[in-house]
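A.B. asks: Before I ask anything, let me first share the structure, which is written out below as structure tokens.
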Amino acid sequence: DWNLSRSRYWGTPLPIWRSETGEEACIGSVEELTNELQKAIDSGALSPEQQAKNASFLQSKGTEAFDLHRPYVDEIFLVSTSGKVMFREPDLIDVWFDSGAMPYAQFHFPFENLDKYPQSMGGTASDSKTSFPADFISEGVDQTRGWFFTLHAIAGLLFDSVSFENVVSTGLVLDKNGNKMSKRLGNAIDPFETIDKYGPDATRWYMITNAEPWDNLKFNLDGIAEVQRKFFGTLFNTYNFFALYANLDGYKVEQFNRVPREQLSELDRWIISKVYTLVKNVGEQFDGYNPTKAGRLIQDFVCDDLSNWYVRLNRRRFWQGEMTDDKRAAYETLQHCLAAVAQLMSPIAPFFADWLYRNLTDHVRAESIEKNTPFKHESVHFTEWHTYDEFWVDAELEQSMQLAQDICSLVHSLRKGHKIKVRQPLTKVLIPVLSDKVREQIEHVAPIIMSEVNVKGVEFVSDDSGILKKKIKPNFKALGPKYGKNMKAVGEVINAMNEEQIREIERNGQVTLTGGDTTFEILLAEIEILTEDVPGWLVASQGSLTVALDVTITDELRREGIARDVVNRIQNLRKDSGFEVTDKIAIQLENNNAELADAVETNKSYICQEVQAVQLDLVADLNGSASEIEMDEFLLKVKIEVV
């Protein structure tokens, strides 16, 4: 039951008039009230004072003095059908009735705007083109017995309908330790100061991606700073990279004569496939009222796929001089990715998204308006949502590239853990494969792996070769909820798994084990597979993927590693000296170490190409005019000049 009336003064008056004998009238509109007022005046049943007050109220209609609230509405007197004077019931309507009536009150329905409501409610719109019921509603969980209820209650009473189709019930914003914020505890955070310092987009992105809307959020300012740096900083730098070289080359977004798909590089086709997959997945999350997963998908794409993989592995294509079809394809691909990200992120970060969209499209706005292309809109918020086109999706290529990313991640972790820098080339990485398909997928991206982790080759061994020894551990955190009191028995059968059973769970994702009279279905996520190091190799595993890195460094590899370090130091010196990216330089390097000189002479052409040097000379003495740079056990004395 809903106790509708409230004994208060401010609010919406109950439109009910009652006589002393219990007769009642409920008034449904101003027009009906006006008619009943006039009837009461004409009835002769009112006192002169009552008649005067009714007449005064009628005269105020259509003026600023017209007011249906207390005390004015209490001075209206009606007359029942039996001729008795009726007085307004002094109580008010519960304020939640006002809120519940919002879907109709906002458009003054049913007196106006019939075209906004379906015919089943007395409107004139078709059921597919109506503002009622609402797609979704969002409020705190405390509204379950408040607004959420009253909206449905009124809709059900009046129209036998729900008022909204989905509800997003939000959790609470707590402090970083999970405590309720309060001034008394001194743990409250001023939202206006936060927005002034970090900006609305970074604040909103942090709040939406850190916890799903229906969960409580442990609010930490450090988290906003991390979002600024990790996501917005990465996206900003990616755009700046594009803008820098596009401006140098005079590149203009080409909307029509674009490089055809068959001429795109494999990395181009991969990142475009990822864009369309992202469009599909983000759209599904937004449609499912889960902006948290949508934001995380966008963030992972920008940081992991676009910036850390595509741009980094394609930098040389932007550096090359003339505008070849390959270079134009790189520009077109990166522009497409950035424009898509601008649109996908716009519901969460509207200001940054609009800034990015305008920077990418302002220079083709006139052409877009003339030719009616998607970039005709002044703001990203006016654009049509990015469509999903299966033609551009290559699931096999995405799987291959994911394997490449996972393998590179494992190799980088091995290098980092054993302090072998990436600039030091190594001979090879060895990968046990579970099937011919996995081998083909890795072979497809082997050149990318070799370049990324700086190895000379990728080799494969069958998983049953015996070269790598594996052992297994139960993942008790995953097994506990599933097996409870049988955990000890499950742990014993897992520890007793032989190599064939380990290969089976790696291939199929599960294995059936028997302990005593009990059979257990063990999933890959419920165990940890560890691979033992082999002398001269470092080994790492992730799920069913294992890599072994040959860490033997020959003299030739050592010289190449030194040359790469020299390149790194000269590039940093170029930047510190304020040189333009297009500047050609001449280098003089003091010959103060035989091993260093040998490495430079052996790899001279490589060094010159990387640092855009037209001349590299080893000299006996630079007479104090050199920059001195520490490089591991060497002291690099170098002088560079623009030529």
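A.B. asks: How much FRET efficiency would the formula 1/(1 + (r/R0)^6) give for ALA366 and ALA153, where r is the Cβ-Cβ distance and R0 is 41 Å, rounded to 0.05?
C.D. replies: Working from the Cβ atoms, E equals 0.15.
A.B. asks: Another question about this same structure. Can you tell me the order of 358-367, 319-328 when each peptide is scored by its average per-residue count of other Cβ atoms within 10 angstrom, highest first?
C.D. replies: 358-367, 319-328
A.B. asks: Report, in whole Å, the centroid distance computed from the Cα atoms of the stretch 576-601 and the stretch 120-156.
C.D. replies: The stretch 576-601 and the stretch 120-156 have Cα centres spaced 71 Å from each other.
A.B. asks: Hey, if you put +1 on the Cβ of every Lys and Arg and -1 on every Asp and Glu Cβ in the stretch 487-619, which of ASN498, ASN592, PHE520 ends up farthest toward the positive end of that dipole?
C.D. replies: Positive-most Cα among the choices belongs to ASN592.
A.B. asks: Among 514-525, 102-113, what's the highest-first ranking by average C-beta atoms within 10 angstrom per residue?
C.D. replies: The packing order, highest mean first, is 102-113, 514-525.
A.B. asks: Multiply the residue separation of ILE195 and ALA395 by 0.36 nm, subtract the distance between their alpha-carbon atoms, and state the gained length in nm to one decimal.
C.D. replies: Full-extension gain reported as 67.9 nm.
A.B. asks: Using θ = phi - 60° and the Karplus form 6.51 cos²θ - 1.76 cosθ + 1.60, what ³J(HN,Hα) does each residue of the stretch 621-629 get, whole Hz, x for Gly and Pro?
C.D. replies: Coupling constants for the stretch 621-629: 8, 9, 6, x, 8, 9, 8, 9, 10 Hz.
A.B. asks: Next question. Scan around ARG8 for amide H atoms under 5 Å from its own, H built in the peptide plane at 1.01 Å from N, and keep only partners 5 or more places away or cross-chain.
C.D. replies: LEU92
A.B. asks: Out of ILE553, LEU14, THR209, whose Cα points farthest toward the positive end of the dipole of the chain (charges: +1 Lys, Arg; -1 Asp, Glu; placed on Cβ)?
C.D. replies: ILE553
A.B. asks: What ranking do TRP17, TRP537, TRP10, TRP355 get, fewest neighbouring Cβ atoms within 10 angstrom at the top?
C.D. replies: Sorted ascending by nearby Cβ count, the order is TRP10, TRP355, TRP537, TRP17.
A.B. asks: Shifting gears a bit: At 0.36 nm per residue, minus the direct Cα-Cα distance, what do ASN623 and TRP355 gain on full extension? Give it in nm, one decimal, please.
C.D. replies: In short, 91.4 nm is gained.
A.B. asks: Could you check the spin-label model distance between LYS419 and LYS477? Points 7 Å from the Cα along Cα→Cβ, value in nm.
C.D. replies: 3.0
A.B. asks: Another question, if that's okay. Taking 18 Å as the cut-off for C-alpha to C-alpha distance, list the pairs among LYS180/LYS293; LYS252/LYS376; LYS584/LYS604; LYS252/LYS327; LYS419/LYS473 that go past it.
C.D. replies: LYS180/LYS293; LYS419/LYS473
A.B. asks: Got the relative contact order for the chain handy, in percent, Cα pairs under 8 Å and 6 or more residues apart?
C.D. replies: Relative contact order for the chain comes out at 7 percent.
A.B. asks: Further question: For the stretch 532-578, what does the relative contact order come out to in percent, with C-alpha contacts under 8 Å and a separation of six or more?
C.D. replies: 22
A.B. asks: Something else: List, in order, the whole-Hz ³J(HN,Hα) value for each residue of the stretch 360-367 obtained from phi through the Karplus relation with A = 6.51, B = -1.76, C = 1.60 and θ = phi - 60°; use x for Gly and Pro.
C.D. replies: Working through the residues one at a time gives 7, 10, 3, 6, 10, 5, 4, 4 Hz.
A.B. asks: Next up: Can you order the peptides 178-191, 201-214, 599-612 by their average number of other Cβ atoms within 10 Å per residue, highest first?
C.D. replies: Taking the mean over residues of other Cβ atoms within 10 Å, the ranking is 201-214, 599-612, 178-191.
A.B. asks: Report the gain in length on full extension from THR512 to ASP160: 0.36 nm times residue separation, minus Cα-Cα distance, nm rounded to one decimal.
C.D. replies: 121.4 nm
A.B. asks: Out of residues 5 or more away from LEU530 or on other chains, whose amide H comes under 5 Å of its own, with H placed 1.01 Å from N in the peptide plane?
C.D. replies: Answer set, sorted by chain and number: LYS471, ILE472, LYS473.
A.B. asks: When DSSP assigns beta bridges and you keep just the ones with both residues in the chain, what percent turn out antiparallel, to the nearest 5?
C.D. replies: Bridges in the chain are about 65 percent antiparallel.
A.B. asks: Using alpha carbon centroids, what distance separates the stretch 160-200 and the stretch 59-74, in Å?
C.D. replies: If you average the Cα positions of each part, the centres end up 40 Å apart.
A.B. asks: Which whole-number percent is the relative contact order of the stretch 470-531 (Cα, under 8 Å, 6+ apart)?
C.D. replies: Reported as a whole number, the value is 47 percent.
A.B. asks: Just name one of SER273, THR234, GLY250: the one whose Cα is farthest towards the positive end of the charge dipole of the stretch 145-275 (beta-carbon charges, Lys/Arg +1, Asp/Glu -1).
C.D. replies: THR234
Throughout, read-outs are computed from the coordinates displayed, never taken from laboratory work. Keep in mind the model is a prediction, meaning the values are calculated, not measured. Cβ coordinates were reconstructed from backbone atoms using ideal geometry, including for glycine residues, and neighbour counts include every protein chain displayed.
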